[in-house]
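The values are calculated or read from the model by the stated rules, or taken from the named source; none is laboratory data. Source: prediction; values computed, not measured. A quick note on method: Cβ atoms are made from the backbone with ideal geometry, for glycine too, and the neighbour counts reach across all protein chains shown. Heads up: the accessible areas ignore ligands, DNA and RNA and are worked out on the full protein's heavy atoms, side chains in. Shrake-Rupley method; radii C 1.70, N 1.55, O 1.52, S 1.80 Å.
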Amino acid sequence: MEKIKIGKKKQLYEICSVIPYSRTVIKIVFPEDGDVPEEWGGDILIYTVGGILCSKLHGYETVYRQEEKTVYLSNDGSVYVPPAPPEPVPEPEPYVPTLEELREAKKAEISTICEQVIYSGFDVTLSDGGSYHFSLTEKDQLNLFGKQAQLAAGAEQVEYHADGQPCRYYSAADMQDIIESAMWYVSYHTTYCNALNMWIAGCETAEEVQEIYYGADVPEEYRSEVLNAYLIQIAGMAGEEENDETDT
């Protein structure tokens with residue numbers, strides 16, 4: 001292991017390495033169990049393992065920095081200055097959306113739910129007394145439009161299928177009931193969604209907007225003539241169902 005001597009002092013210190021650290025600083029690493037000089041005045045003499053003087057470093061007398069058994073020395077009097085801690089960055093203020101942004105977000109939410117409700121489909125009771133469910137995705141709606149054209153052309157029976165059922169022939173009357181129920185279902189939810197949008201547009205506070213949800217009763221001032229007609233029709237159908245249950 002190499003050794004060094006400081007100036008005219010006689011003590012030798014074992015070192016692991018001595019290397020340039022920068023243009024004006026050298027780095028000397030001492031073994032974990034070795035001694036480290038307390039004073040650095042004078043030239044640094046470096047000896048080989050065999051004790052032969054192999055190098056002399058002049059002017060490195062200032063402790064630039066020390067990390068336990070590693071010493072950095074400068075030859076220009078400079079010392080290490082740790083960087084200043086970064087200025088604390090304040091937490092950003094939470095973004096508060098504008099009323100118009102809340103309205104647009106609520107309209108988008110309502111529109112998405114309306115589409116999902118329509119796609120989920122409807123139930124209809126046919127001539128055999130059974131209740132059948134039909135989905136109403138865009139593809140299903142196009143298919144039903146085609147079936148309507150078949151009926152208009154005079155078809156007495158039309159092939160179609162309920163959800164989870166095999167394809168079968170439906171009588172013209174049953175197919176007409178399916179198509180009319182589908183059109184009613186789509187039209188009602190579209191009309192209801194439009195009324196909700198009118199209600200959202202009329203809100204004057206964020207709290208009012210946040211309270212609106214799909215399925216809520218639309219205030220009278222935002223109900224269209226068409227929606228009112230649908231609500232009367234729905235109330236009438238509910239009354240008929242109650243009478244049927246009472247008679248049973």
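Points to keep in mind about this one:
- Axis angle, to the nearest 10 degrees, between helix 99-120 and the longest C-alpha principal axis of the chain: 60 degrees.
- The coefficient of translational diffusion for region 167-216, derived via Stokes-Einstein from the alpha carbon Kirkwood radius under 20 °C and 1.002 mPa s, stands at 160 µm²/s.
- Fraction of the pair-distance distribution of region 1-115 above 22 Å, Cα-Cα pairs, percent: 52 percent
- Lys, Arg +1 and Asp, Glu -1 on Cβ, resulting dipole of the chain about Cα centre, debye, nearest 20: 3120 debye
- Efficiency of FRET from Cβ geometry, Tyr95 and Ala229, R₀ 41 Å, rounded to 0.05: 0.45
- Among the cysteines of the chain, those whose beta-carbon sits 4.7 Å or more from every other cysteine beta-carbon are Cys16, Cys54, Cys167, Cys203.
- Vicinal HN-Hα couplings computed from phi for region 181-195 (Karplus, 6.51 cos²θ - 1.76 cosθ + 1.60; Hz; Gly/Pro x): 5, 5, 5, 5, 4, 5, 5, 4, 5, 5, 5, 5, 4, 4, 5
- For the chain, the number of Lys pairs separated by eight or more positions or lying on different chains, with C-alpha atoms closer than 24 Å, is 19.
- Area of Met1 that stays accessible when all protein chains are in place (1.4 Å probe, Å², to 10): 100 Å²
- Our coupling estimate for region 201-213, obtained by passing each phi through the Karplus curve with A = 6.51, B = -1.76, C = 1.60 and θ = phi - 60°, is 4, x, 5, 10, 9, 5, 4, 4, 4, 5, 7, 7, 8 Hz, Gly and Pro reported as x.
- Helix 225-247 vs. the chain, principal-axis angle (Cα, 0 to 90°, nearest 10): 70 degrees
- From largest to smallest, the equivalent ellipsoid semi-axes obtained for the chain from the alpha-carbon gyration tensor read 93, 26, 15 Å.
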